[in-house]
1. How high is the FRET efficiency between residue 161 and residue 78 when r is their beta carbon distance and R₀ equals 41 Å, given to the nearest 0.05?
2. Determine the alpha carbon to alpha carbon distance for each of 302/366; 366/483; 302/329; 329/397 and list only those over 27 Å.
3. Highest first, please rank the peptides 388-396, 410-418, 358-366 by the mean number of other Cβ atoms sitting within 10 Å of their residues.
4. Within the stretch 399-428, what residues put their amide N at less than 20 Å from the label point 7 Å along the Cα-to-Cβ vector of residue 329?
5. How would 321, 139 line up from fewest to most surrounding beta-carbon atoms within 10 angstrom?
6. Just grab the label-to-label distance for residue 459 and residue 222, each label 7 Å out from Cα along the Cβ direction, in nm (one decimal).
7. Given 0.36 nm per residue, what is the gain on full extension from residue 483 to residue 118 after removing their alpha carbon distance, in nm?
8. Which order do the peptides 421-428, 469-476 come out in when sorted by mean C-beta neighbours inside 10 angstrom, highest first?
Amino acid sequence: MALAEPANPALAASSALRAASALPSIGALCRASQAVCIDLVLIWLSSLTALGLRFHPAFVRCMGIARPLGRADLGSNAGFLLLYSVLLVLLLNAQGLYRRQQTVSPAEERGIISRAAVLAALLEAACIGLTGLACLSGFVVASAALMAAVFLAGWHWLRRRRMENALPDGWSCRNVLIVGTGRLALALGAYLERHRHLGYRVRGLVACEPEPRGVQVETLGSLSELRVLARTYFIDEVLVAAPEQNVIQRVLFEVGGLRVGVRVVPYLYDDWEGEAPVEYVGNFPALVLQQRPRRAAGLLIKRASDLVLTAIALAALSPVFLLVAFAVKLSSPGAAIYASERVGRKGRIFRCYKFRTMIASADALKTSLQHLNQRDRVLFKIANDPRTTSVGRFLRKYSLDELPQLWNVLKGEMSLVGPRPPLASEVRQYELDHLRRLDVLPGITGLWQVEARSNPSFARYVSLDVDYVEHWSSWLDARILFKTIAVVLAGTGQ
């Protein structure tokens, strides 16, 4: 979407906020807290590395140190390094790194980190001098400061690069719609496209009703279609940049109950009397009127669990992989692994892997077998599918054909638990509310597999998946995984 950017509209919006109470939103606090936690871990890692070097016997011999440090000295140095980590984070915050992490340039970010690391080291040295503790090592403080600066600068650079590289395919970013077709809306869209590290993917503009005369901007639709657009494009936030006074209420009405965030540039709404917190979208200030639920900690735990359990499973089941692949190759001509394009989170297309359970020409024969379909509406399933090989029937019975999807989990395309990934042909038949099941990563197993695997109803299939999306928790994932073991051992697959 090519958008022309008028001159300095963000400055005009910022001037209207000088008298406003810039309360941080929950989303801003979550992102800042996450950044602080990661920075603290990196600082502690650099401090432990510095301590390890200083107290290592080889270092003592190499440096010719007359009095090696003992365990008591180790405790004193560790305590001062803990103080250093606190000082460094406070100095980073004082320079606005966590409040303005989306708007600082790479050079400014490196400057903030370098200044904070040096100043924290100087304050630490002053504390050491005031205490008069001879056991405290200047080498430890200096090396910890140097490594902390390198680690933090490297991490923030990688984070920026990750966001820039993830944006084109919609991965790890927020999909947004901009309501409005005026100068501010165009400027906001152009700004977000230019600053890709902010993590926003502008899906398009939404026209107000009635649309102003003379406007010749390409839009996805109008306000009356906002609910449909929000579902269709898997929107995370709606950014209101329109001068009409009634637009705010209309937007909130259209996306109510969709778990979509709503933010509005406040200087356009001088008569707004609410106490909404202020959050910045890059350099553009915005009032947060509706917050998209964030489950950052839970999702981080889910991803970590997926990686650990998948790595263990791949290592433990590697002999099974070889045996199954060999059996599939012997059963019929064709590759052992079957890959099909599936629709994942937010409509992202990926290749889903399975052990082949059918003859090589199975896809070409599907149309001729539609009259035998035993499932409701969109789904397709035949109990005794004539395309299935003898080995394939055994693999399906005990769900062994799904094992290669552990690779999809390792790549981040799937999770161990979640709705099953549909075919694109199935998604094209979805109604609007059915798209809700694509708001999360698809899974190898899910609520439907353990609760209603043999139920032919498509409505039941979707309702269970939507129920999982709405009420997801780590405990629910654990319960589904344990139930899956029982279902697999019972051999209920088809």
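1. 0.80
2. Flagged as over cut-off: 302/366; 366/483; 302/329.
3. So the order, starting with the most tightly packed, is 410-418, 388-396, 358-366.
4. Within reach of a label on residue 329: 400-405, 407.
5. 139, 321
6. 3.3
7. Length gained between residue 483 and residue 118: 126.0 nm.
8. Highest mean packing first, the order is 421-428, 469-476.
Only the coordinates and a few stated rules stand behind these numbers; no lab work does. Given the structure is predicted, the values throughout are model-derived calculations rather than measurements. We place every Cβ from the backbone using ideal geometry, glycine too, and count neighbours over all the protein chains shown.
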